[in-house]
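J.: Before I ask anything, here is the structure I am working with.
The values are calculated or read from the model by the stated rules, or taken from the named source; none is laboratory data. Quick caveat: nothing in here was measured; it's all calculated off a predicted structure. Here the Cβ positions follow ideal geometry from the backbone for every residue, glycine too, while neighbour counts run over all protein chains shown.
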Amino acid sequence: MKKPIVVSGIKPTGILHIGNYLGMLKNAVALQESNKYECFYFVADYHALTQRYDPKEKAKEIFDIAVDILAAGIDPKKSTIFLQSHIPEHANLAWIFNTITSMGMLERMVEYKEKLSEGHVPNVGLFDYPVLMAADILIYKGEYVPIGDDQRQHLELARDIVRTFNGRFGKTFKEPQGIYTKAVRIMSLDKPEKKMSKSLPNGCLYLTDSPEVIRKKVKAAVTDSFSEVGYDPEKRPAIANLLTIYSSFSGELIEKIVSRYKGKRYVEFKSDLAEVVVSALEPFQKKQKEFMKNKKYVMSVLEEGEKKARPIAERVLAEAKKRVGLI
Ligand code: AMP
């Protein structure tokens, strides 16, 4: 029987942080390992062009994210790994979707407004980002999408696009569903009211941070004025965030962690948390260094992925073009 399709991507716009890993990559690996899905994972390089960048740096950033995907445990023998821009059908399908998406729907996207408030240039690509994301998923008839909470609204838009498309042109696509981890939104270490984001580097724990840097950053993480560890995301977002990080990396339940630190000071909790993160990232960092030295292998993985993904994308695009009336 055909397995349901899983699709997800990561933008090459800087170094990956633990939010990317705990919110998305960890689930992407778990879905792959479950053997129940056909998984497509890509480097979202076209999406990365929507933010200001130095063209001299971009190729390296794209390569580095491909390395990170492999180091996190996405296995080319089990999943299809490729670069978005190598499959032009993504952008072609996005164009068709553009013609059935209202401006009003895109104007409501919170991520877009947030990006503008962070000082991003409001280019058309940034505005249109969710439509390309819908095409990224549906060009493989993706049904499940491992993503973080920040992408929830974009996925809703993809579902709207499916309904509009199917309503106007006949049933072609299924509405994709998000698959979320318990760590759907890892918050910034220095501004716990904001999500951890590549655009706020001071609050990030990067997957490549050395043990010393991790210890320093965790030690400096914002806490609160309570005297001991407790989980209350509403009233105590900073500590709740640290507990989520601890629990996600160690696999221990939050309640168990809280009861273990009863009567102990934050400094003890933080020092243990730092060690949990250091040891959880160790295998990733080791593999990352190995893949970094093996450029030829990484490029061959991306080529193989492209060969597998492209014919599927071509078939789906041909079907969509026929549906909308193109010859
Ligand atoms: P991006 O780097 O924006 O392409 O994000 C890659 C994936 O990481 C997406 O599925 C995001 O939803 C997820 N992600 C990004 N930041 C966070 C965060 N702070 N917490 C949880 N997931 C996140």
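J.: Helices (runs of 4 or more DSSP H) wholly in the stretch 93-153 with at least 2 residues that are closer than 13 Å to HIS47 by Cβ and touching a residue at least 60 places away in the same chain (Cβ under 8 Å) - which ones?
T.: 124-138
J.: I'd like to know if the stretch 154-175 contains one or more residues that are over 20 Å from SER248 (Cα atoms), within 13 Å of the ligand (Cβ to nearest atom) and touching a residue at least 40 places away in the same chain (Cβ under 8 Å).
T.: yes
J.: Which condition from (1) in contact (Cβ under 8 Å) with a residue 24 or more places away in the chain; (2) of a type outside the set (A, V, I, L, M); (3) under 20 Å from HIS86 (Cα atoms) is the one that GLN285 breaks?
T.: (3)
J.: In the list ILE62, ILE81, which residue meets the criterion of being in contact with a strand residue (DSSP E or B) (Cβ under 8 Å, 6 or more places away or on another chain) and outside any strand (DSSP E or B)?
T.: Just one listed residue meets the conditions, ILE62.
J.: Does the stretch 141-153 hold any residues that are modelled with pLDDT of 95 or more and within 14 Å of the ligand (Cβ to nearest atom), and which are they?
T.: Answer for the stretch 141-153, where residues must be modelled with pLDDT of 95 or more and within 14 Å of the ligand (Cβ to nearest atom): GLY142, TYR144, VAL145, PRO146, ILE147, GLN151, ARG152, GLN153.
J.: Using beta carbons and a limit of 7 Å, which pairs, at least six apart or on different chains, have the first residue in the stretch 304-327 and over 17 Å from LYS174 (Cα atoms) and modelled with pLDDT of 95 or more and the second one surrounded by 14 or more Cβ atoms within 10 Å (Cβ to Cβ) and among the acidic types (Asp, Glu)?
T.: Going by the 7 Å Cβ cut-off, the qualifying pairs are GLU314/GLU89.
J.: Inside the stretch 199-223, can you point out the residues that are buried (at least 17 other Cβ atoms within 10 Å of the Cβ), assigned to a helix (DSSP H, G or I) and free of Cβ contacts under 8 Å to residues at least 60 places away in the same chain?
T.: Those that are buried (at least 17 other Cβ atoms within 10 Å of the Cβ), assigned to a helix (DSSP H, G or I) and free of Cβ contacts under 8 Å to residues at least 60 places away in the same chain: GLY203, LYS217, VAL218.
J.: Which residues, taken from the stretch 65-88, are surrounded by fewer than 22 Cβ atoms within 10 Å (Cβ to Cβ) and within 22 Å of TYR129 (Cβ to Cβ)?
T.: SER85, HIS86, PRO88
J.: Among the residues of the stretch 12-21, what is the count of those that are out of contact with any Gly (no Cβ under 8 Å at 6 or more places or on another chain) and either within 6 Å of the ligand (Cβ to nearest atom) or assigned to a loop (DSSP other than H, G, I, E, B) (or both)?
T.: The qualifying residues number 5.
J.: Considering every residue within the stretch 307-323, establish whether at least one is touching a strand residue (DSSP E or B) at 6+ places or on another chain (Cβ under 6 Å) and either surrounded by fewer than 17 Cβ atoms within 10 Å (Cβ to Cβ) or under 30 Å from LYS141 (Cα atoms) (or both).
T.: yes
J.: For the stretch 177-192, does any single residue satisfy the condition of being away from the ligand (no atom under 16 Å from the Cβ) and either crowded, with 17+ Cβ neighbours inside 10 Å or not assigned by TED's automatic domain parsing to the domain that holds LYS115 (or both)?
T.: No, every residue in the stretch 177-192 fails to be away from the ligand (no atom under 16 Å from the Cβ) and either crowded, with 17+ Cβ neighbours inside 10 Å or not assigned by TED's automatic domain parsing to the domain that holds LYS115 (or both).
J.: Please state which one of PHE249, PHE226 is of a type outside the set (Val, Ile, Thr) and crowded, with 18+ Cβ neighbours inside 10 Å.
T.: On inspection, the qualifying residue turns out to be PHE249.
J.: Still on this structure, please answer the following. So which residues in the stretch 28-59 are away from the ligand (no atom under 12 Å from the Cβ), touching a helix residue (DSSP H, G or I) at 6+ places or on another chain (Cβ under 6 Å) and in a loop (DSSP other than H, G, I, E, B)?
T.: Across the stretch 28-59, the qualifying residue is only TYR37.
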